[in-house]
1. State yes or no: is residue 168 in a helix (DSSP H, G or I) and open to solvent by 50 Å² or more (accessible area, probe 1.4 Å)?
2. Could you check the range 238-275 and list, in sequence order, the residues that are under 22 Å from the mean Cα position of the chain (by Cα), closer than 27 Å to residue 31 by Cα and among the polar types (S, T, N, Q)?
3. How many residues does the range 202-216 hold that are open to solvent by 10 Å² or more (accessible area, probe 1.4 Å) and farther than 13 Å from residue 36 by Cα?
4. Looking at (1) outside any helix (DSSP H, G or I); (2) under 20 Å from the mean Cα position of the chain (by Cα); (3) of a type in the set (Val, Ile, Thr), which is the one condition that is false for residue 217?
5. Out of the residues in the range 227-237 that are modelled with pLDDT under 95 and within 19 Å of the chain's Cα centre (by Cα), which is most open to solvent (accessible area, probe 1.4 Å)?
6. With 128, 84, 92 as the choices, which residue is touching a strand residue (DSSP E or B) at 6+ places or on another chain (Cβ under 8 Å) and among the small types (Gly, Ala, Ser)?
7. Considering 126, 137, which residue is crowded, with 17+ Cβ neighbours inside 10 Å and among the aromatic types (Phe, Trp, Tyr)?
8. Considering only the range 185-199, I want to know if a residue exists there that is outside any helix (DSSP H, G or I) and either in contact (Cβ under 8 Å) with a residue 12 or more places away in the chain or surrounded by 11 or more Cβ atoms within 10 Å (Cβ to Cβ) (or both).
Amino acid sequence: MTGEESLRPQSLMLTFLGDQVLGRDVCVYSGSVIDVFARAGIGEQATRSTLSRMVGRDLLRRQREGRRMYFGLTERSEAVLRDGEQRIWQTGAVNRHWDGTWTLLGFSLPESWQRRRHDLRSQLTWSGFGPLFNGLWIAPGEVDVSALVAELGLSAHVKVFRAHADTGTDIGQMIEETWELSDLAGRYEGFVGRWQPWEDDLPDAGDALVLRLRLQTEWLRIVRRDPRLPVKHLPDDWPAEQAEKTFRAVYERLSPLAHEASERLLDLVPARPQA
C-alpha cells in the first residue's frame, strides 16, 4: 500500500478546501466535489458521506442555491486549515533555528487510569513530545499544551516546565533514545521515492489537480507527525530537507495544470453571511 492509497477522504477533503476555498469567501458545489473526488478514486457515496460528517462536526456549512447544494467553511475548519497552511509554508520540515529550549511535561496518574494515560500519551506524541522517562516527556521549543491537558481533564496531574540542557549533555543521543528516528526518516524517504519522478514528468491536465491534492495531503500528514527536532542534533543524512525540496518542486510543477483544471471543474458561488 502506498502513502497515496492510505489517505482518508476527510484528509483529502480538508486539503481540497484549503486549496480551493480558504481565503476566497466562496462555497463549492457538491457536484464539483464529487467530480474531483471521483478522479481520485473515491466514489460518490463516500464523498457525500464525508461532506455530511464534516457538516455534523462543524467543519463545513451548507448553502442552498436553487436546487444545488454548496458547501463552505466554518470558523472551526478555517482555523484547522490556517494551521495546516502555516505548518506547510511557514514552519516547514527543517528546524534550523532552535534556541536550546525544551518543554518538559511530567505526569503521575493512578494505575487504574489506563485509558486516560493512553489518551495523554497519544496527544503528547501528536504534539511533538517523546518519552524521556516513563512519566517525563520532552519536546523541542516552547509547546503550549494547556488546552490539551485541560480537555483531557488532567490539569491537576500534569506539571509543565521550560528548560535548557546542561553543558555536556549528549543531545543527539538523547534524541535517538527518545524518538523513533528511523520511522520518521523512512516516511520522508518514502515521500521522496513516490514524488521525485514528478519533478520531471507532467500528468494529464485532468489529473494534475488530484495529484496536487494528494501531494499536499501526504506532505501535511508527514510534517504534522514530525516533532521538529533541531537539525544540528540529527544525523548528517537526515532526509527532511530533500523531501521538502521535492514537495515544493512538484507543487510548483503541478500548479499551472491544477489551476487550469480547477477553473474548468469547479462551480463556486459567493458565501452568504450565516444567520
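The values are calculated or read from the model by the stated rules, or taken from the named source; none is laboratory data. What you see is a predicted model; the values in this text were computed from it and never measured. All Cβ positions, even for glycine, are placed from backbone atoms using ideal geometry, and neighbour counts span all protein chains on display. What goes into the accessible areas is simple: the full protein's heavy atoms, side chains included, and nothing from ligands, DNA or RNA. Shrake-Rupley method; radii C 1.70, N 1.55, O 1.52, S 1.80 Å.
1. Values: in a helix (DSSP H, G or I): no; open to solvent by 50 Å² or more (accessible area, probe 1.4 Å): yes.
Judged against the criteria, residue 168 is not a match.
2. 255
3. Initially, the range 202-216 is screened for residues open to solvent by 10 Å² or more (accessible area, probe 1.4 Å), giving 202-207, 210-212, 214, 216.
Restricting the remaining residues to those that are farther than 13 Å from residue 36 by Cα gives 202-204, 216.
Adding up the residues that qualify gives 4.
4. Condition (1) is where residue 217 drops out.
5. 228
6. On the way: 84 fails: touching a strand residue (DSSP E or B) at 6+ places or on another chain (Cβ under 8 Å); 92 fails: touching a strand residue (DSSP E or B) at 6+ places or on another chain (Cβ under 8 Å).
Of 128, 84, 92, the one residue that is touching a strand residue (DSSP E or B) at 6+ places or on another chain (Cβ under 8 Å) and among the small types (Gly, Ala, Ser) is 128.
7. Working: 126 fails: crowded, with 17+ Cβ neighbours inside 10 Å.
Being crowded, with 17+ Cβ neighbours inside 10 Å and among the aromatic types (Phe, Trp, Tyr) holds for just one of 126, 137, which is 137.
8. Going residue by residue through the range 185-199, those that are outside any helix (DSSP H, G or I) are none.
No, that holds for no residue.
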